[in-house]
């Protein structure tokens, strides 16, 4: 089918044009909105499709990591147009977070494998409920983690979270919190996105040591991070969670997070790379 002359596909760095589109669905766009802020923006390529000069679809390629990341948003038919017309802009290998409705368009130009279905959830301010005390007789302290904290202790907690994206430099943001039980670090909650200029935060790298699960510790530490993001002016607070992680979903719901959409979190290989 021939493309409408009212559709254009191109690469842009126009933040105003991008922001006007992304702000329509800030929870689903949280990662992309975060990438409008430096130092991330300089590592981005924004492939867009417009209809009558208004963006209707985006494919974002973030190249600030050793393996590029791909995010997509918008009308599936226009995602297909972007991938067809701007195929030479796509990386050979990447990790992709794409809506289920975009899978068919991506499958025409690349291989998607080892699919992991993720829920995109966003905090509903009307449902926000500060967590109750942790249900344990042991002493519990929740506080900000800093570069002075033991990296060995942090990495020990993350042994229960294979595939995490924690890097020590992330502690400098002040948005990693730890839950200490009897003085021992037993839970870590951080952020994948913190973009105060865009008023966006995305919780991530959330893990509690196995022996301290189901006691409300992760919920309490998540609550502390949410409150800090709110204090810093973030009006959009989101997270992504595996659709199979029923315990985590229940935890986030109890804080006031609501389901918005489903994504594929999937490795990507370009057929034409």
Exercise. Between residue 25 and residue 172, what is the spin-label point distance in nm, taking each point 7 Å from the Cα along the Cα→C-beta axis?
Worked result: 3.5
Problem set entry | Residue exposure sequence - 109, 69 - by fewest surrounding Cβ within 10 Å | 109, 69
Exercise. Quick one: Cα centre-to-centre distance for segment 209-244 and segment 153-202, in angstrom?
Worked result: 10
Problem set entry | Distance between modelled label sites at residue 113 and residue 158, nm, 7 Å Cα→Cβ extension | 2.6
Seminar exercise, completed: Placing each pseudo-label 7 Å from Cα in the direction of the beta carbon, residue 148 and residue 66 end up separated by a distance in nanometres of 3.2
For this session: Averaging sequence separations of C-alpha pairs under 8 Å and six or more residues apart, then dividing by the length of segment 128-255, give the relative contact order as a whole percent.
Result: 27
Exercise. For segment 15-85 and segment 87-126, what is the separation of their C-alpha centers, rounded to whole Å?
Worked result: 12
For this session: Would you mind checking the tilt of helix 76-85 against the longest principal axis of the Cα atoms of the chain, expressed as 0 to 90 degrees and rounded to 10?
Result: 60
Seminar exercise, completed: Mean-square fluctuation maximum in Gaussian network of the chain, Cα pairs under 10 Å, restricted to 219, 24, 87, hits 24
For this session: May I ask for the angle, rounded to the nearest 10°, between helix 217-231 and the longest principal axis of the chain, with both axes built from Cα atoms and the value confined to 0 to 90°?
Result: 60
Problem set entry | Mean separation of Cα contacts under 8 Å, 6 or more apart, over the residue count of the chain: relative contact order % | 25
For this session: Per DSSP H run of n ≥ 4, the term is -39500 (n - 2.57); total these for the chain, divide by its residue number, and report the mean residue ellipticity at 222 nm rounded to 500 deg cm²/dmol.
Result: -6000 deg cm²/dmol
Seminar exercise, completed: In Å, the C-alpha Rg and Dmax of segment 151-273 are 15.2, 55
Exercise. Short version: what are the Cα gyration tensor semi-axes of segment 1-113, square root of 5 times each eigenvalue, largest first, in whole Å?
Worked result: 19, 18, 13
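Counting DSSP beta bridges with both partners in the chain, what percentage is antiparallel, nearest 5?
Beta bridges within the chain, antiparallel portion: roughly 90 percent.
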Exercise. For residue 199 and residue 40 in one chain, what is 0.36 nm times their gap in residues minus the Cα-Cα distance, to one decimal in nm?
Worked result: 55.7 nm
Exercise. Where q = 0.09, 0.10, 0.13 Å⁻¹, what log10 of I(q)/I(0) comes from the Debye formula for the chain, counting one point per Cα?
Worked result: -0.44, -0.53, -0.87
For this session: Note down the Stokes-Einstein diffusion coefficient of segment 48-203 in µm²/s, whole number, using a Kirkwood radius over alpha carbon pairs, 4 °C, and 1.567 mPa s.
Result: 68
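Each value in this text was obtained by applying a stated rule to the coordinates, not by laboratory testing. Remember, it's a predicted structure, so these values are computed and weren't measured experimentally. Don't worry about glycine lacking a Cβ; one is built from the backbone with ideal geometry, like all the others, and counts go over all protein chains shown.
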